[in-house]
Amino acid sequence: MTNKQGFAAYPPKVKHTEILGYVEEVNGIFHSRDIGRGFELFGNVYLEFGDTFCNDSNGEFVGLANNTVAIIEDTNQPLKSKYLEVEENGFIKPFIPLTFEEQQLEGRVVLWAFGGVVEMKDGTGRLWYQKSIDHGSGNLEYFGTGVAKVIENYGEEQQPIVHRMDNLTFGPDEPRMGTFTAIADGDFIYLFGDRPDGKIILARVYDGRYQGRLGEKEAHYYWDGSDWVQDWGKAAVVIEGMQQGAIVRSKLFGEARPFVFVGTSKWADSQVFMGASAKLEGPWKLEAVCKAEGIKEPTSKGKWMYCIYPQLWASDEENAELMVTWSEQCPGGIVAAKIKLAGVEDDDIGS
């Protein structure tokens, strides 16, 4: 069914929010974890997590994995995730692997991927990650941004395989393209990322039909407000004040606004921000529409919610309903909520 006008009124207005519960692990072990960004690949739905505190069957802590991935085996049960590769002691296999040299380094190498996984035309995926070294006591040294390829693993009950490109695409004093959000459109991958001052800019790069282009810095062109230029220093700020979020293609607000943002701000205020645009370049007018609430770690106790993402695979766009997830601070987990938006036919919405 198509609807040129869309199914939800714009600007978006939330009628009510229903907390659905935690996105749990099917073996019954509660994992404190964050990010929880969904992606579809190989005909499956996966959730990608950040720091994951691994426990054994007795609930005893066995180690920290800084990125993991779980499958949603039944999309009709969106709160049931399953880790496909777990060691005997309960430690969960990381999604993005470390090299042998990184494992030998003093300090913990941290690979975080907030930008999601983009499905390519050949059915494989790409993700962009930030590499840092945690020297302890809050000393996190950032090294740069890299890109990795995600391919299907044909072994029984095994998670997808991630191959990192040999070198980082962007260094520590360059923008973190693709680590805020990434989306494919036409012949390009559009990469949103923070420049060194923390403001978000936009680059695009050919979708990889030419070998190695995604990993070549020179292949990226940046939106300067009117055209695409090769100098990232001339890039225009396209999104301001946001910490995490995703831009997705959606039917919610009709054909005139096919790109929708859902995320949260840098101010630790637990607000869910939304907006829509005709183009990925924007303009992006983002407004707070409701407040995220915790379960174990409620905002009433001074806790704040972060890593707010839309989960379109579990949403009912035609009824103007979105499933949105957010992260509680440790020792909390991933909270799922259903957000009901005012529809285009609602009498209380003006033109």
query = Measuring with a 1.4 Å probe in the full set of protein chains, what accessible area per residue, in whole Å², belongs to the chain?
reply = 46 Å²
inquiry  = Using the basic label-point model (7 angstrom from Cα toward the beta carbon), what is the Lys217 to Thr299 distance in nanometres?
reply    = 4.0 nm
Estimated distance in nm for a label pair at Val26 and Asp122, the labels positioned 7 Å out from Cα along Cα-to-Cβ = 3.1 nm
key: Positive dipole terminus of the chain, leading residue within Thr124, Tyr142, Phe180 (C-beta point charges)   = Phe180
ask   = With every protein chain left in place, what is the accessible area of Lys199 in Å² (1.4 Å probe, nearest 10)?
value = 90 Å²
query = Across bins of 10 angstrom width beginning at 0, how are the C-alpha pair distances of the chain distributed, in whole percent?
reply = 5, 25, 35, 26, 8, 1, 0
note = With N residues in region 146-243, Rg(alpha-carbon) / (2.2 N^0.38 Å) equals 1.17
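In region 60-177, how does Rg compare with the Kirkwood Rh, expressed as the Rg/Rh ratio over alpha carbon atoms?
Rg/Rh for region 60-177 comes to 0.98.
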ask   = If you stretched the chain out fully between Asn167 and Val229, how much longer would it get, using 0.36 nm times the residue separation minus the C-alpha to C-alpha distance?
value = 20.0 nm
message = Considering only protein heavy atoms and a probe of 1.4 Å, how much of the accessible area of the chain is carbon and sulfur, as a whole percent?
response = 45 percent
query = Put a dot 7 Å past each Cα toward the Cβ at Phe100 and Val237; how far apart are the dots in nm?
reply = 4.6 nm
ask   = When all protein chains stay in place, what accessible area (Å², nearest 10, 1.4 Å probe) is found for Trp228?
value = 40 Å²
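According to the Cα gyration tensor, what semi-axes, each the square root of 5 times an eigenvalue, does the equivalent ellipsoid of region 16-112 have, listed from largest to smallest in whole Å? Mind showing how you got there, number by number?
Working: eigenvalues 121, 51, 33 Å².
The equivalent ellipsoid of region 16-112 has semi-axes of 25, 16, 13 Å.
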message = From Cα pairs below 8 angstrom and at least 6 apart in sequence, can you work out the relative contact order of the chain, rounded to a whole percent?
response = 18 percent
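What is the extension gain from Asp74 to Cys330, computed as 0.36 nm multiplied by their sequence separation minus the C-alpha to C-alpha distance, in nm to one decimal? It would help to have the intermediate numbers written out before the result.
Values: separation 256, 0.36 × 256 = 92.16 nm, distance 2.71 nm.
Gain on extension, Asp74 to Cys330, equals 89.4 nm.
Assign unit charges at the C-beta atoms only (+1 for Lys and Arg, -1 for Asp and Glu), then state the dipole size of region 188-303 relative to its Cα centre in Debye, rounded to the nearest 20.
Values: 17 positive and 15 negative charges, 75 e Å.
Using only the charged Cβ atoms, the result is roughly 360 debye.
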Cα centroid separation - region 115-167 against region 9-57, whole Å = 19 Å
Percent of Cα pairs exceeding the 10 Å cut-off, where the set is region 218-257 = 77 percent
query = Once every DSSP H run of n ≥ 4 in the chain is given -39500 (n - 2.57) and the sum is divided by its residues, what mean residue ellipticity at 222 nm do you get, rounded to the nearest 500 deg cm²/dmol?
reply = -500 deg cm²/dmol
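The values are calculated or read from the model by the stated rules, or taken from the named source; none is laboratory data. Owing to the predicted nature of the structure, the values given are computational and were not obtained by experimental measurement. We place every Cβ from the backbone using ideal geometry, glycine too, and count neighbours over all the protein chains shown. Only protein heavy atoms, including side chains, enter the accessible area calculation; ligands, DNA and RNA are left aside. Shrake-Rupley method; radii C 1.70, N 1.55, O 1.52, S 1.80 Å.
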